[in-house]
1. Going through the stretch 69-109 one residue at a time, which ones are buried (at least 17 other Cβ atoms within 10 Å of the Cβ) and in contact with a Leu (Cβ under 7 Å, 6 or more places away or on another chain)?
2. Given the criterion over 18 Å from ARG132 (Cα atoms) and touching a residue at least 60 places away in the same chain (Cβ under 8 Å), identify the matching residue among THR46, THR26.
3. Hey, does the stretch 86-94 have a residue that's on the phi > 0 side of the Ramachandran plot and not acidic (Asp, Glu)?
4. Picking from ALA19, ALA34, ALA13, ALA8, which residue would you name as being out of contact with any helix residue (DSSP H, G or I) (no Cβ under 6 Å at 6 or more places or on another chain) and farther than 14 Å from LEU137 by Cβ?
5. Please go through the stretch 4-15 and pick out each residue that is over 18 Å from MET154 (Cβ atoms) and modelled with pLDDT of 90 or more.
6. What are the residues in the stretch 53-68 that are open to solvent by less than 30 Å² (accessible area, probe 1.4 Å), more than 16 Å from THR113 (Cβ to Cβ) and touching a Gly at 6+ places or on another chain (Cβ under 7 Å), if any?
Amino acid sequence: MRHHLHCAEALGALPPGHAQRLDSDTDYFAAFLAGADHILDRLAETRGRFGGWDWFDQRDGGGRIAMLLLREHCRVHRPGEEGSTPFPLRASELAQRLGFSHSHVRNLVNEATAQGHLTQDAPRGLVALTPRFQAELQIWLQHLLGWFAETAAMAQHHLQARSQAPTHNKAAGVHNP
């Protein structure tokens, strides 16, 4: 959760400090968790609307593989560059890191290529996200991080409302020493 809030803060979708509060403010943490069904509801409502992301996410470990491929893409792609940027595919490393077989990762990458989400230069061991898949990932991430930002705002609002609400005893004029 903290990672997602850091990302939302970095993109300007959320003011700084919410991610850190998850660790330092137990009331905020509890309020965020209490509102996390908002994120899960949005995920369920939008399933099937994000093209390549949904394709990956429907496969065993596919969402995690897609995120690692996106990370590698971001490491080599320079802002302003158009099109696909090839990067080395480390299928064995991905498989080991995620606890899958090498053949599972390779099969998923090959299927993703056939679906038009990736391109491969097999002789050189390179893979690239297609521009369409890049756009689909960007839209999905913007939505996901937006839902995290909304949940953080709801948690903050809940805490503010709770701190401003008079307690029952105060409202009844009862004094507790």
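1. As a first pass, look at the stretch 69-109 and keep what is buried (at least 17 other Cβ atoms within 10 Å of the Cβ): 69-70, 72-73, 77, 84-87, 89, 91, 94-95, 100, 104-105, 108-109.
LEU69, LEU70, HIS73, SER84, PRO86, PHE87, LEU89, LEU94, VAL105, VAL109 - these are the residues of the stretch 69-109 that are buried (at least 17 other Cβ atoms within 10 Å of the Cβ) and in contact with a Leu (Cβ under 7 Å, 6 or more places away or on another chain).
2. Values: THR26 fails: touching a residue at least 60 places away in the same chain (Cβ under 8 Å).
That would be THR46, the only listed residue that is over 18 Å from ARG132 (Cα atoms) and touching a residue at least 60 places away in the same chain (Cβ under 8 Å).
3. No; the residues of the stretch 86-94 include none that is on the phi > 0 side of the Ramachandran plot and not acidic (Asp, Glu).
4. Numbers: ALA19 fails: out of contact with any helix residue (DSSP H, G or I) (no Cβ under 6 Å at 6 or more places or on another chain); ALA13 fails: out of contact with any helix residue (DSSP H, G or I) (no Cβ under 6 Å at 6 or more places or on another chain); ALA8 fails: out of contact with any helix residue (DSSP H, G or I) (no Cβ under 6 Å at 6 or more places or on another chain).
On inspection, the qualifying residue turns out to be ALA34.
5. Those that are over 18 Å from MET154 (Cβ atoms) and modelled with pLDDT of 90 or more: none in the stretch 4-15.
6. Of everything in the stretch 53-68, just one residue is open to solvent by less than 30 Å² (accessible area, probe 1.4 Å), more than 16 Å from THR113 (Cβ to Cβ) and touching a Gly at 6+ places or on another chain (Cβ under 7 Å), namely ASP54.
The values are calculated or read from the model by the stated rules, or taken from the named source; none is laboratory data. Not measured: the values here are computed from a predicted model. Backbone-built Cβ (ideal geometry, glycine too); neighbour counts: all protein chains shown. To get the accessible areas, we keep the full protein, side chains included, count just its heavy atoms, and leave off ligands, DNA and RNA. Shrake-Rupley method; radii C 1.70, N 1.55, O 1.52, S 1.80 Å.
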